[in-house]
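Visitor: The structure's right below; bear with me while I get my questions together.
Bear in mind these aren't lab numbers, they're just calculated from the coordinates by the rules spelled out. Bear in mind that the values here come from a model prediction, so they are computed numbers and not experimental data.
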Amino acid sequence: MERKESSQRGKTFPGYSLTLDGFFLEDEMIKTLLFDLAEEYPFFGYKTLIRLLQSTFRLIINKKKVYRLCQEMDLLLPVARYVSNNSEDKIAFEKVLVTPPNTH
């Protein structure tokens, strides 16, 4: 049994989403809505953009789909990582001499 190699993994995307009214909205239209929202609110992440899409345009949309669309349009914000200083960490976890209670 031979396995066919494919460049894409998983299920293909349908290319549309539904509104609460039952209308279809294509991904290209959702991209323009996302772009307009990202221009209006530049510091909102994709999870906040999901809530705006759901409340403003009454879309039934998944967070993974919005993440994928934002990634295609390069709208994702850079992730801030905390870099710790090793000397401060060593001081914080240094062993402390403990004496038994009631000994003076």
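Visitor: Could you state, as a whole-number percent, how many of the C-alpha pairs of region 16-92 are farther apart than 21 Å?
Guide: Working: 1037 of 2926 pairs.
Looking at region 16-92, the distances longer than 21 Å represent 35 percent of pairs.
Visitor: Determine ³J(HN,Hα), in whole Hz, for all residues of region 24-40 in sequence, where each value follows from phi through the Karplus function 6.51 cos²θ - 1.76 cosθ + 1.60 and θ = phi - 60°; x replaces Gly and Pro.
Guide: 8, 10, 6, 4, 5, 5, 5, 4, 5, 5, 4, 5, 5, 5, 5, 6, 6
Visitor: Using θ = phi - 60° and the Karplus form 6.51 cos²θ - 1.76 cosθ + 1.60, what ³J(HN,Hα) does each residue of region 52-60 get, whole Hz, x for Gly and Pro?
Guide: Working through the residues one at a time gives 5, 4, 5, 7, 7, 9, 6, 8, 9 Hz.
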